[in-house]
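Q: Below: one structure in structure tokens.
The numbers here are math on the coordinates, done by the rules we state, and not lab data. Since we're looking at a predicted model, the values are computed, not measured. FYI the Cβ positions are ideal-geometry reconstructions off the backbone, even for glycines, and counts take in every protein chain you see.
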Amino acid sequence: MSKILNFYLNSLSKRPKTTNAIMTGTLFGLGDVSAQLLFSYSEHPVKEGIESSPGKILTQVKNYDFPRTARAVIYGSLIFSFIGDKWYKILRYKVRIPNKESSDWTNRLLRVSVDQLGFAPLALPFYFGCMTAMEGYSIDIAEKKIKDQWWSTLKTNWTVWPLFQAINFSFVPLQHQLLAVNVVAIFWNTYLSYKNSITTSE
């Protein structure tokens, strides 16, 4: 384990963007693998031609969906890793109360608030939109998915992330904050992948 950690830290210092991209993509992929193994149902009303109904999951997954995992890896490595890296740097260096130390509790609270009230509500529809586009669905389906899933997912987000981010911003070095998020996000990505795989009716 120590050799793996040392390899990661060495790679992060030499090639931070590439290392973050590989790590984030891998962890998004693991989240999707977990979702497919833990939840035996998936809903594809457009491809299957099945009418959806509230609160019901329509089609059972018979075979593992490798393209779905590939999409999660692509999103994590090529999209979210760079957005997340940039965002944490903005939180660290730009979001602060004047005349207060960066490590002061008021600045930590401010960062958590901005992250959860500013970034999270936008990141979720962005995720659903990107994944829907990669699935080959129309903008109408993306809009419907966001409408159906955004608020319930955001509420769940607020039960998980504020406390963790308070700890993350307080004790984890900046260069490791995205890694810390992604380790915890294996579980969160499992939930996101599940939510992305279902679409409720109007």
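Q: Ranked highest first by average number of other Cβ atoms within 10 Å, how do 187-197, 92-102, 17-27 line up? Could the numbers behind the result be given before it?
A: Details: 187-197: 21.3, 92-102: 11.4, 17-27: 19.4.
Ranking the peptides 187-197, 92-102, 17-27 by packing returns 187-197, 17-27, 92-102.
Q: While we're on this one: Using each residue's phi in the stretch 95-101, evaluate 6.51 cos²θ - 1.76 cosθ + 1.60 at θ = phi - 60° and report the 3J(HN,Hα) Karplus result to the nearest Hz, with x for Gly and Pro.
A: Values, residue by residue: 8, 6, 8, x, 6, 10, 4 Hz.
Q: Using a 7 Å offset from the Cα along the Cα-to-Cβ direction at both Arg15 and Lys86, what is the distance between the two label points in nm, to one decimal?
A: 2.2 nm
Q: From the backbone phi of the stretch 69-83, what are the Karplus-calculated ³J(HN,Hα) couplings (6.51 cos²θ - 1.76 cosθ + 1.60, θ = phi - 60°) in whole Hz, Gly and Pro given as x?
A: Once rounded to whole Hz, the list reads 5, 4, 5, 5, 5, 4, 4, x, 7, 9, 10, 5, 4, 6, 5.
Q: In whole Hz and in residue order, list the ³J(HN,Hα) couplings for the stretch 136-142 that follow from phi through the Karplus curve 6.51 cos²θ - 1.76 cosθ + 1.60, θ = phi - 60°; x for Gly and Pro.
A: So the J values, rounded to whole Hz, are x, 8, 7, 4, 4, 5, 4.
Q: Is there a pair in Lys17/Lys100; Lys3/Lys155; Lys100/Lys144 whose C-alpha atoms are over 32 Å apart, and which pairs would that be?
A: Working: Lys17/Lys100 30 Å; Lys3/Lys155 38 Å; Lys100/Lys144 43 Å.
Those over the limit are Lys3/Lys155; Lys100/Lys144.
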